[in-house]
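Read through the structure below, which is laid out as structure tokens, and then see the notes.
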Amino acid sequence: TYVEITGGTQVISCLDCGTAFDTNSYAITLPTPFYFNGENITNVVMRVDGNLVLGTTALSSGSGPIAATTVASGVISALGMDLRNCTTAGVNWEMRWEEVGSEYVFQWKNAARYAQNVEQLNFQIRVNKTSGLINVVYGDMLNVTTSTTYQPQVGLRGSVNTDYNNRRLT
């Protein structure tokens with residue numbers, strides 16, 4: 001279940017910011033590791049483009065994160081496509097993460113597909129540090145426009161792009 005987080009670390013936030021955030025990514029060092037694909041993960045890169053890159057601090061954009069050849073221990077993609085900040089007046093866009101009990105919660109609030117700037121897409125990647133369980137949860141999706149131009153990659157990728165488990169929209 002999507003439960004918005006308001007604490008933790010605000011990675012980036014803006015109100016009425018135009019189209020300022022598109023290919024940005026942010027390195028995060030976690031206080032305690034979690035286990036993924038045979039490795040303890042202590043660093044992640046949170047991308048505006050709706051995904052986490054695991055086991056690295058190298059910043060890069062990635063609108064097709066599962067298929068990409070990005071060097072990493074893995075990728076968790078909640079809505080991996082060309083996303084940016086929402087530009088609707090009075091709407092706050094942000095990315096944040098928080099340690100909640102045994103989970104790390106990474107949240108995208110009011111994201112929008114590129115060229116669909118009025119959308120408000122809300123989602124989280126929730127990683128249980130104890131069990132290794134990964135949940136991708138979705139909140140309200142508002143003002144969604146009809147477009148087949150930007151289709152998301154949703155799922156998990158290992159250290160190479162031939163090791164994956166994903167969903168596809170058709």
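The values are calculated or read from the model by the stated rules, or taken from the named source; none is laboratory data. Nothing here was measured: the structure is a model prediction, and the numbers come from that model. Cβ sites come from the backbone with ideal geometry, for glycine too, and all protein chains shown count toward neighbours. These area figures cover heavy atoms from the full protein model, side chains too; ligands, DNA and RNA do not enter into them. Shrake-Rupley method; radii C 1.70, N 1.55, O 1.52, S 1.80 Å.
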**Complete:** Within the chain, cysteines having no neighbouring cysteine beta carbon under 4.7 Å are Cys86
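Above 22 Å lies some portion of the pair distances; for the chain, what is it as a whole percent of all C-alpha pairs? Walk me through the numbers before you get to the answer.
On the way: 5321 of 14365 pairs.
I get 37 percent for the Cα pairs in the chain exceeding 22 Å.
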**Complete:** Out of Glu39, Glu98, Glu119, a Gaussian network model of the chain with alpha-carbon springs under 10 Å gives the largest mean-square fluctuation to Glu39
**Request:** Kindly identify segment 107-170 as rounded, prolate or oblate by the Cα gyration tensor criterion: order the square roots of the eigenvalues as a ≥ b ≥ c, call it rounded if a/c is under 1.5, otherwise compare a/b with b/c, prolate if a/b is larger, else oblate.
**Result:** oblate
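When ligands, DNA and RNA are left out and all protein chains stay put, how many square angstrom of accessible area per residue does the chain have with a 1.4 Å probe? If you can, show how the numbers build up before the last one.
Details: 7830 Å² over 170 residues.
Value for the chain: 46 Å² per residue.
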**Complete:** Each label sits 7 Å from Cα toward the beta-carbon; between Thr9 and Ala115 the label points are separated, in nm, by 3.5
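Taking 0.36 nm per intervening residue step and subtracting the Cα-Cα distance, what contour gain separates Thr29 from Asp16 on full extension?
Answer, rounded to one decimal: 1.8 nm.
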**Message:** With a 1.4 Å probe and all protein chains left in place, how much of the accessible area of segment 1-148 comes from carbon and sulfur atoms, in whole percent?
**Reply:** 49
